[in-house]
Amino acid sequence: MLKENYEYVENEIQKACERSGRKREDVLLISVSKTKPLSMIEEAVQLGYSVFGENKVQELTDKYESIKNPVSWHLIGHLQRNKVKYIVDKVDYIHSVDSLHLAEAIQKEAAKKNVICKLLLEVNVAREETKFGLMVDEVPELVMQIKDFPNIKVCGLMTIAPFVENPEENRVHFRTLRHLLLDINSKNIDNVNMNVLSMGMTNDFQVAIEEGSTMIRVGTGIFGERNYSN
Ligand SMILES: *Cc1c(COP(=O)(O)O)cnc(C)c1O
């Protein structure tokens, strides 16, 4: 099943890249393994995939300890300040930074462990009340506040688009995120050069790629539906 799912997703990524004149290698596929067992991650590794996304700190660190192969972990879910210390030296990217306080906590823990932590700022582009993330107009200020922190690198922006029937409805949100990144970069601020757009999930990654996504986060489309009952 996993093999067929990856083939389908790969094929869709390829087609979206072709439609938009982009290169396949410019889009990173993050396999979102939350709630899924280690055996499935191992199987994905055997198929050649090595970048996994988790949204909970505890689950990420458990899996980090258990998977023997060298894989890359991305924290994609909401992060509490008191949990930063468990992951700063274990993840390649934190996708969900949405406050100065959190960035400060990451800076502090990254300094203690002597690492540089790559992060993305989460933006609530569609202004959904139920979601975390910065409002679009708060982003430039936060970038300015944290750009010189020595142990973090602000690499780009992330958004979780609304759940919609027709993925075309999210095109406008992906476009907004891309324009926000381009606007900030165009100011040529010292220490600011963002090149990551983490946008697109199972339901809308094709549209996100057409709108410039460089990291798509696909869970259900690879591992199947999640079961939260156990
Ligand atoms: C669960 C999750 C995903 C994957 O969602 P699917 O719809 O299953 O592809 C992507 N991003 C974040 C932040 C998530 O929490």
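A few points about this structure:
- Top-ranked residue of the stretch 62-71 - restricted to ones that are away from the ligand (no atom under 16 Å from the Cβ) and outside any loop (DSSP other than H, G, I, E, B), ranked as surrounded by the most Cβ atoms within 10 Å (Cβ to Cβ): Tyr64
- Neighbours by Cβ (under 7 Å, 6+ apart or cross-chain): first from the stretch 27-55, within 19 Å of Gln14 (Cβ to Cβ) and of a type in the set (A, V, I, L, M); second in a helix (DSSP H, G or I) and away from the ligand (no atom under 15 Å from the Cβ): Val27/Cys17; Leu47/Lys3
Per-residue answers, yes or no, for (1) more than 21 Å from Leu28 (Cα to Cα); (2) open to solvent by less than 10 Å² (accessible area, probe 1.4 Å); (3) in contact (Cβ under 8 Å) with a residue 60 or more places away in the chain:
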site: Glu59; (1), (2), (3): yes, no, no
site: Trp73; (1), (2), (3): no, yes, no
site: Ile76; (1), (2), (3): no, no, yes
site: Ile94; (1), (2), (3): no, yes, no
site: Leu100; (1), (2), (3): yes, no, no
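- Residue within the stretch 185-201 that is away from the ligand (no atom under 11 Å from the Cβ), among the polar types (S, T, N, Q) and buried (at least 23 other Cβ atoms within 10 Å of the Cβ) present: no
- Verdict on Gln14 being open to solvent by 10 Å² or more (accessible area, probe 1.4 Å), under 26 Å from Glu168 (Cβ atoms) and away from the ligand (no atom under 16 Å from the Cβ): yes
- So Thr159, is it farther than 19 Å from Gly77 by Cβ, in contact (Cβ under 8 Å) with a residue 24 or more places away in the chain and within 14 Å of the chain's Cα centre (by Cα): no
- Residue among Glu138, Glu122, Glu165 that alone is farther than 22 Å from Tyr6 by Cβ, within 16 Å of the ligand (Cβ to nearest atom) and more than 17 Å from the chain's Cα centre (by Cα): Glu165
- In the stretch 43-54, the count of residues that are more than 16 Å from the ligand (Cβ to nearest atom), out of contact with any helix residue (DSSP H, G or I) (no Cβ under 9 Å at 6 or more places or on another chain) and hydrophobic (A, V, I, L, M, F, W, C) is one or more.
- The stretch 213-230 - residue that is in a loop (DSSP other than H, G, I, E, B) and of a type outside the set (Ser, Thr, Tyr) and, of those, farthest from the chain's Cα centre (by Cα): Asn230
- Residue satisfying condition, being open to solvent by less than 70 Å² (accessible area, probe 1.4 Å), touching a residue at least 12 places away in the same chain (Cβ under 8 Å) and part of a helix (DSSP H, G or I), within set Val143, Val154: Val143
Residues checked against (1) within 25 Å of Tyr49 (Cβ to Cβ); (2) out of contact with any Gly (no Cβ under 6 Å at 6 or more places or on another chain); (3) in contact (Cβ under 8 Å) with a residue 40 or more places away in the chain:
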{"site": "Ile184", "(1), (2), (3)": "no, yes, yes"}
{"site": "Asp190", "(1), (2), (3)": "no, yes, yes"}
{"site": "Asn203", "(1), (2), (3)": "yes, yes, yes"}
{"site": "Ala208", "(1), (2), (3)": "yes, no, yes"}
{"site": "Phe223", "(1), (2), (3)": "yes, yes, yes"}
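The values are calculated or read from the model by the stated rules, or taken from the named source; none is laboratory data. Just so you know, these numbers come straight off a predicted model, no measurement behind them. Because the Cβ atoms are built from the backbone with ideal geometry, glycine has one as well, and the counts that use them run over all protein chains shown. Heavy atoms of the whole protein, side chains included, go into the accessibility calculation; ligands, DNA and RNA do not. Shrake-Rupley method; radii C 1.70, N 1.55, O 1.52, S 1.80 Å.
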